[in-house]
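Shown next, in structure tokens, is the structure this report addresses.
The values are calculated or read from the model by the stated rules, or taken from the named source; none is laboratory data. Please read these numbers as outputs of a predicted model, since none were measured by experiment. Ligands, DNA and RNA are excluded from the accessible area calculation, which covers all protein heavy atoms including side chains. Shrake-Rupley method; radii C 1.70, N 1.55, O 1.52, S 1.80 Å.
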Amino acid sequence: MKHFLILSCLLLAMAASGQSIQLPAIPDSLRTPESRAAFLVEHYWDLYPFGQSTKRAELAVEQSLVNYIDLFRLVPLENAQASLAATMRQASEEKRTLFLFYNLFEKYLYDLASPMRDERLFLPVLTAFLDSPILKEEDKVRPEYLLKIVRQNQVGSIASDFSITFRDGTQQNLLALPARPTLLYFYDPDCDDCRLLSAELERNADINRLIREDHLQIVAIYTGEDTDYWKETSAHIPSTWLCGYDDRFTILNDELYALPGFPTLYILDEDKRVVRKEASLEAVMQEIARLCVAKSE
């Protein structure tokens, strides 16, 4: 019933949006919401004029693409990934259309400000884009860099390991830390946003309780080279958090983690597998709520 309501609402929204892209008719033989959504995801762009795109059709692409991405919550991840790869291959019939689709997918599936951001979906877009025979090498510079970043620390993978020197001078690798859910918090002492985030996390009662009862650890990491300045300022990080710096400077030198700015947050499970990458504060609070529920069960 839930999938039926979601699919019905999405189809009504598409019709109300006035988009000019014609959608394929869903066969009457497909009766379940899941099968109808799967068909629509697979055939969504069948009637779009790839290779002979008009300005009018291009103007309708962005809203249509948003609706298309919204359908992915109704199908398995592998279906969505296969559909995205196929769409990019179709768009590859002409360079202008290929860049139109690629840029929109980057905007909605990779941009940090997008509520639809999902690197698992952006990965097949990048791969198919780079496989296009119509591109020149200079067209691939940024996508190749993004592909490297997206492949690092994918959700479900073990987080990249590095050595940490803590405030008391002891050293330990990330993966050797106690087996408990971890908020990996990359920060800079001069970052105003970092100070605001630290204050918000520090005053959260649920976070403090989970830390106190060993159900969560926050690991604040400085990645820069001015370790003397870090030592002077590290006292501003709450004493209940682990705070240290990358003593071998491998995070930046080897580009171990995607750090688009500070603060940058990663959520790891008790086995140090990545749960959320470049997580928003909202995502952190959702995970904190989940941990609180799990602890009470």
Taking alpha-carbon centroids only, the stretch 152-193 lies from the stretch 258-297 a number of Å equal to 13 Å
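Taking a threshold of 19 Å on the Cα-Cα distance, which of the pairs K231/K277; K95/K136; K55/K140; K107/K140; K148/K272 fall above it?
Table pairs above 19 Å Cα-Cα are K231/K277; K55/K140; K148/K272.
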Ignoring ligands, DNA and RNA, what percent of the accessible area of the stretch 115-230 is carbon or sulfur (1.4 Å)? 47 percent
In Å and whole numbers, how far do the C-alpha atoms of the stretch 31-134 stretch along each principal axis, longest first? 37, 31, 24
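Let me have the 222 nm mean residue ellipticity of the chain computed from DSSP H runs of 4+ only, each contributing -39500 (n - 2.57), with the sum over all residues rounded to the nearest 500.
Working: 13 runs with 141 residues, N = 297.
The helix contribution divided over the chain gives -14500 deg cm²/dmol.
Subtracting the Cα-Cα distance from 0.36 nm times the residue separation, let me have the gained length for E94 to A113 in nm, one decimal.
Details: separation 19, 0.36 × 19 = 6.84 nm, distance 2.89 nm.
Full-extension gain reported as 3.9 nm.
Would you mind calculating the relative contact order of the chain from Cα pairs under 8 angstrom and at least 6 residues apart, reporting the percent as a whole number?
Numbers: 380 pairs, mean separation 43.6, N = 297.
Relative contact order comes out at 15 percent.
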Taking a quarter of the surface of the Cα convex hull of the stretch 138-193, what do you get in nm²? 6.6 nm²
So what are the radius of gyration and Dmax for the Cα set of the stretch 149-297, in Å? 14.3, 45
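Where only protein heavy atoms count, and the probe is 1.4 Å, what is the accessible area per residue for the stretch 90-148 in Å²? Provide the component values of the computation, followed by the final result.
Details: 3000 Å² over 59 residues.
Each residue of the stretch 90-148 exposes 51 Å² on average to a 1.4 Å probe.
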Expressed as an acute angle from 0 to 90° and rounded to the nearest 10, what is the orientation of the C-alpha long axis of helix 119-131 relative to the principal long axis of the chain? 60 degrees
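If contacts are Cα pairs under 8 angstrom and at least 6 residues apart, what is the relative contact order of the stretch 95-206 in percent? All intermediate terms of the calculation are to be shown ahead of the outcome.
On the way: 60 pairs, mean separation 14.3, N = 112.
Relative CO of the stretch 95-206 lands at 13 percent.
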Kirkwood hydrodynamic radius of the stretch 83-192 from all distinct Cα pairs, in Å? 16.7 Å
Compute the angle between helix 77-91 and the longest alpha-carbon principal axis of the chain, please, reported from 0 to 90 degrees and rounded to the nearest 10. 60 degrees
What's log10 of I(q)/I(0) for the stretch 157-229 at q = 0.25 Å⁻¹, Debye sum over Cα points only, no solvent? -1.34
Based on the alpha carbon coordinates of the stretch 226-289, what radius of gyration and maximum Cα-Cα distance (Dmax) apply, in Å? 13.6, 37
With everything on Cα atoms, drop me the angle between helix 95-109 and the longest principal axis of the chain, reported from 0 to 90° to the nearest 10. 40 degrees
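What number do you get for the chain when its Cα radius of gyration is normalised by 2.2 N^0.38 Å, N = residues? Mind showing how you got there, number by number?
Working: Rg = 22.5 Å, N = 297, 2.2 N^0.38 = 19.1 Å.
Cα-based Rg divided by the globular estimate yields 1.17.
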